[in-house]
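Reviewing the structure listed below.
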Ligand SMILES: O=C(O)CCC(=O)C(=O)O
Ligand SMILES: [Fe+2]
């Protein structure tokens, strides 16, 4: 489930630029179980509120006022991904549940619903480290928006999933990102005096769109954008 201004539960602001959205509805909901949509929205409200608080803590950690990022969150490009990983063969080295990647988010909160170790993160020494489920906890993966805004002070977590446990695995990943119409600028406390930021200012929605189009090469929107010379 992604940001979808057509769904009343998402309370899109009235001045949202709808021209960047295709006609809705954008999400596909299963008919069963009947309370699925309601439950997912309940979870989303909780995890979004938690994320907003966490981003305030990040701001404080960067010696910024705690509300520093608040104005960037009027309608976050947020997605909640419900994931199922069937068991995969332990022997097949190349069998990957989700290949190595970093997320397009400020950060992602991963709720590992099954007692099934499968998530791994790449540490600074280039070693894969297991991030097994810990009851009552969420995994926080730093995403690319935070990396860019902090001039690499925060580094995106490269991670992957391999479910070689022999059991089913379920997880919920909540991607918390800025609103599409805000500018991502390097935060002032992450640039030393006289230093030039590594990244140019960019509109959050433009950067997100460009990266999605480049990543999903076989998507019709990507093929069309390539034909127009946009990517
Ligand atoms: O299922 C997980 O633990 C992580 C999922 C993930 O990394 C993603 O969907 O981007
Ligand atoms: Fe991820």
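No lab work stands behind these numbers, since they all come straight from the coordinates. Every value quoted in this text rests on a predicted model; they were computed, and no experiment measured them. FYI the Cβ positions are ideal-geometry reconstructions off the backbone, even for glycines, and counts take in every protein chain you see.
Side notes on the structure shown:
- Rough spin-label spacing in nm, given labels placed 7 Å along Cα→Cβ, for residue 212 and residue 195: 3.2
- Peptide ranges 6-12, 186-192 listed from the most packed, as the mean C-beta count within 10 angstrom indicates: 186-192, 6-12
- Computed FRET value (nearest 0.05) for residue 83 with residue 228, which takes r as the C-beta separation and R₀ as 35 Å: 0.60
- Applying 0.36 nm per residue to the separation of residue 45 and residue 167 and subtracting their alpha-carbon distance, the gain on full extension is 41.0 nm.
- Shape of region 104-148, Cα gyration tensor, a/c cut at 1.5: oblate
- Convex hull volume of the C-alpha atoms in region 19-92, normalised per residue: 198 Å³.
- Computed label-point distance, nm, for sites residue 98 and residue 134 using a 7 Å Cα→Cβ extension: 2.0
- Report note on the peptides 65-76, 143-154: ranked by the mean count of other C-beta atoms within 10 Å, highest first, their order is 143-154, 65-76.
- Cα-based convex hull volume of region 20-148 per residue, rounded to whole Å³: 176
- Shape category assigned to region 154-203 from the gyration tensor of Cα positions, a/c cut at 1.5: prolate
- In terms of packing, defined here as the mean over residues of other Cβ atoms within 10 angstrom, the peptides 118-128, 21-31 line up highest first as 118-128, 21-31.
- Overall form of the chain per C-alpha gyration tensor (a/c, 1.5; a/b vs b/c): rounded
- Within the chain, helix-based [θ] at 222 nm, where runs of 4 or more DSSP H residues each add -39,500 (n - 2.57), nearest 500: -7000 deg cm²/dmol
- Translational diffusion coefficient (Stokes-Einstein; Kirkwood radius from C-alpha pairs) of region 111-230 at 25 °C, 0.890 mPa s, in µm²/s: 144
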